[in-house]
Amino acid sequence: MLDLKFVRENPQKVKEAIALKGDAAAVDELIELDAQRREILQQTEELKHRRNKASKEIALLKKEGKVQEAVVKMRAVSQEIKVKDAKLREVEEQIQKLLLCLPNIPDDAVPRGKTEDDNEVVRTWGQPKEFSFPPKAHWDLGEELGILDFQRASKITGARFTLYRGLGAQLERALVNLMLDLHTREHGYTEIFPPFMVHRESMVGTGQLPKFAEDAFKVEGTEYYLIPTAEVPVTNLYRGEILEEEQLPLKHVAYSACFRAEAGAHGRDTRGLIRQHQFNKVELVKFVHPQESDAELEKLTNDAEKVLQLLGLPYRVMLMCTGDLGFAAAKKYDLEVWLPSYNAYREISSCSNFRDFQARRAGIRYRPANGGKAQFLHTLNGSGVAIGRTVAAILENYQQEDGSVRIPEVLLPYFPGLKEPVIRAQ
RNA sequence: GGAGGGGUGUCCGAGUGGCUUAAGGAGCCGGUCUUGAAAACCGGUGACUCUGCAAGGAGCCGUGGGUUCAAAUCCCACCCCCUCCGCCA
């Protein structure tokens with residue numbers, strides 16, 4: 001959420017910035033409503049001031065028994081307050097609605113552009129492997145090896161769900177543990193195991209609602225949503241709180257299942273693990289001092305990259321252009337892993353700096369060490385990384401000519417008692 | 001699911017319609033005393049939000065409505081916590 005005062009004082013700048021992401025018409029409406037609000041507010045406050053004064057007088061007059069006249073007079077004032085308050089409430093609701101649907105302002109350093117073609121390559125790590133045989137797609141490998149069962153998952157639940165079996169299930173679990181271990185032991189994150197369902201307010205806090213309701217699964221008969229990412233519960237950990245400056249930065253890592261309706265994605269990535277209604281992810285979330293968020297984004301991105309480096313998966317780091325930034329981010333790096341079946345790099349992690357956008361929505365502040373006024377802090381998060389897509393990348397990049405798949409060495413401690421570090425047809 | 005109890009300032013806690021400008025205590029800050037510290041005593045300190053150029057004003061006692069000239073206090077709905085019973089991994 002943007003600061004209403006900032007919008008009021010910089011309408012042109014905000015409009016330009018919003019236009020980079022989409023529709024800026026709401027900004028004018030917002031400014032008009034804001035003016036209305038302050039006018040009504042002044043009127044009601046004046047009336048309430050009168051009422052408060054009269055109230056005290058009536059309390060005194062009562063002793064003399066001459067209350068009637070004053071009471072009748074104030075009855076009218078009170079009625080007027082009620083009417084004006086109702087109008088004020090209405091205007092404020094509209095303001096809130098508009099404000100909650102306004103996207104964040106992109107950082108100056110973010111390249112301007114409309115589509116993913118305008119994203120910039122920041123750096124590349126590793127080389128896409130040359131195969132001496134035609135490499136298979138992970139969905140074929142997974143089925144042939146008997147470790148991924150798309151058919152039966154759809155029998156049980158439906159399309160875009162996967163069932164892992166045997167070493168496949170173990171591989172998924174090993175990756176979760178590898179990442180949690182790495183980030184807690186090497187990178188200083190504190191592990192969180194959050195609820196996988198949250199209420200509406202949490203979804204609003206991180207920006208999934210109110211605008212993107214169709215992307216989320218809501219649990220029927222309740223007001224709960226299945227989380228689309230651990231970002232939601234973990235960022236909302238400190239909703240409505242004032243932290244001490246010395247506590248910053250707070251760094252959390254959380255494993256969670258993620259649930260996405262994938263509305264509007266019909267026909268895209270229909271095969272394999274790339275686009276699922278349910279997938280696993282290890283998420284990194286940071287709460288930082290505003291001055292540190294730029295540097296912390298770089299560090300967070302590096303932390304996520306480390307996972308791919310340990311697994312020996314070739315990837316590149318992309319800086320998202322304004323049109324590909326998403327709703328809440330001010331700046332975003334995507335990590336894209338090499339997938340032979342696509343003959344291309346595919347997103348496996350998104351690392352974003354939200355600045356105070358989420359903090360303002362969720363009311364997360366810090367108290368400066370010098371004891372000044374509480375300030376909104378900055379939030380960041382990034383996948384560290386998406387598990388399902390990592391499995392896909394391992395299967396495809398580590399496949400061998402006979403259809404077996406080597407297990408990356410760094411994962412072997414998570415496969416105790418394994419005879420050979422290879423997944424063969426079972 | 002059933003029954004009961006409770007949510008007040010940083011914390012504990014009083015407060016059943018106007019004298020609450022939220023008592024009292026703890027804490028915190030300053031001071032006296034002391035070689036120093038503790039204790040004691042004295043003084044100070046009350047979040048946060050909005051609005052206004054300012055002086056100031058308005059709001060805020062779990063949340064949202066309502067009653068009233070006036071609500072922490074009365075009414076309604078909801079949320080959360082605790083205890084007991086039932087059910088349950």
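Just so it is clear, none of the values below were taken in a lab; they were calculated from the coordinates. Remember, it's a predicted structure, so these values are computed and weren't measured experimentally. Backbone-built Cβ (ideal geometry, glycine too); neighbour counts: all protein chains shown.
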In whole Hz and in residue order, list the ³J(HN,Hα) couplings for region A:336-347 that follow from phi through the Karplus curve 6.51 cos²θ - 1.76 cosθ + 1.60, θ = phi - 60°; x for Gly and Pro. 10, 9, 6, 10, x, 5, 8, 6, 7, 8, 10, 3
I want to check the label-to-label distance for A:A344 and A:L310. Put each point 7 Å from Cα in the C-beta direction and report it in nm to one decimal. 3.0 nm
Under 5 Å between amide H atoms, partner at least 5 residues away or on a different chain: which partners does A:C321 have, H built in plane at 1.01 Å? A:N119, A:E120
List the lysines whose Cα lies under 28 Å from the Cα of A:K73, skipping any in the same chain that are fewer than 8 positions away. A:K48, A:K53, A:K56, A:K62, A:K63, A:K82, A:K84, A:K87
Taking K and R as +1 and D and E as -1, what net charge do the other residues with C-beta under 15 Å from the C-beta of A:M197 add up to? -1
To make sure I understand the rule: partners must be lysines, Cα under 19 Å from the Cα of A:K5, and not fewer than 8 residues away in the same chain. Which ones qualify? A:K13, A:K15, A:K97, A:K373
Highest first, please rank the peptides A:95-102, A:201-208, A:222-229 by the mean number of other Cβ atoms sitting within 10 Å of their residues. A:201-208, A:222-229, A:95-102
What nm distance separates the two modelled labels at A:E57 and A:Q43, each placed 7 Å from Cα along Cα→Cβ? 2.3 nm
Which of the peptides A:383-393, A:120-130, A:269-279, A:235-245 is most tightly packed, and how do the rest follow, going by the mean number of other Cβ atoms within 10 Å of each residue? A:383-393, A:269-279, A:235-245, A:120-130
Estimated distance in nm for a label pair at A:R165 and A:K13, the labels positioned 7 Å out from Cα along Cα-to-Cβ: 6.0 nm
Apply the Karplus curve 6.51 cos²θ - 1.76 cosθ + 1.60, θ = phi - 60°, to the phi angles in region A:25-41 and return the couplings in whole Hz, x for Gly and Pro. 4, 4, 5, 4, 4, 4, 5, 5, 5, 4, 5, 4, 4, 5, 5, 5, 4
What FRET efficiency do you get for A:K419 and A:I242 if R0 is 56 Å and r is their Cβ-Cβ distance, rounded to the nearest 0.05? 0.50
Using a Förster distance of 22 angstrom, determine the FRET efficiency expected from the C-beta separation of A:A369 and A:K5, and round it to 0.05. 0.30
Return one number: the angle in degrees, 0 to 90 and rounded to the nearest 10, between the long axis of the Cα atoms of helix A:293-311 and the longest principal axis of the Cα atoms of chain A. 20 degrees
Using R₀ = 22 Å, calculate the FRET efficiency as 1/(1 + (r/R₀)^6) where r is the Cβ-Cβ separation of A:R406 and A:T124; round to 0.05. 0.45
Length gained, A:S132-A:Q291, 0.36 nm per residue minus C-alpha separation, equals 52.2 nm
Amide H neighbours of A:E191 under 5 Å, counting only residues 5+ apart in sequence or on other chains, H built in-plane at 1.01 Å? A:V253
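Multiplying the sequence separation of A:H266 and A:E92 by 0.36 nm and subtracting their Cα-Cα distance, what value in nm do you get?
Extra length available between A:H266 and A:E92 comes to 58.9 nm.
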Please report the relative contact order for region A:209-310, taking Cα pairs under 8 Å with a sequence separation of at least 6, and give it as a percent rounded to a whole number. 28 percent
For A:E241, what residues show an amide H to amide H distance below 5 Å, using hydrogens built from the backbone and excluding near sequence neighbours? A:R365
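Counting only helical runs of four or more DSSP H residues, what would the 222 nm mean residue ellipticity of chain A come to if each run contributes -39,500 (n - 2.57) and the total is spread over all its residues?
For chain A, the value works out to -13000 deg cm²/dmol.
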For region A:312-325, in order, what is each residue's ³J(HN,Hα) by Karplus, 6.51 cos²θ - 1.76 cosθ + 1.60 with θ = phi - 60°, in whole Hz (x at glycine and Pro)? x, 9, x, 8, 9, 10, 10, 9, 6, 7, 3, x, 10, 6
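Can you tell me the dipole magnitude for chain A around its Cα centre, using point charges on the Cβ only (Lys, Arg +1; Asp, Glu -1), in Debye to the nearest 20? Write down the numbers at each step before the final one.
Working: 60 positive and 63 negative charges, 357 e Å.
The calculation lands at about 1720 debye.
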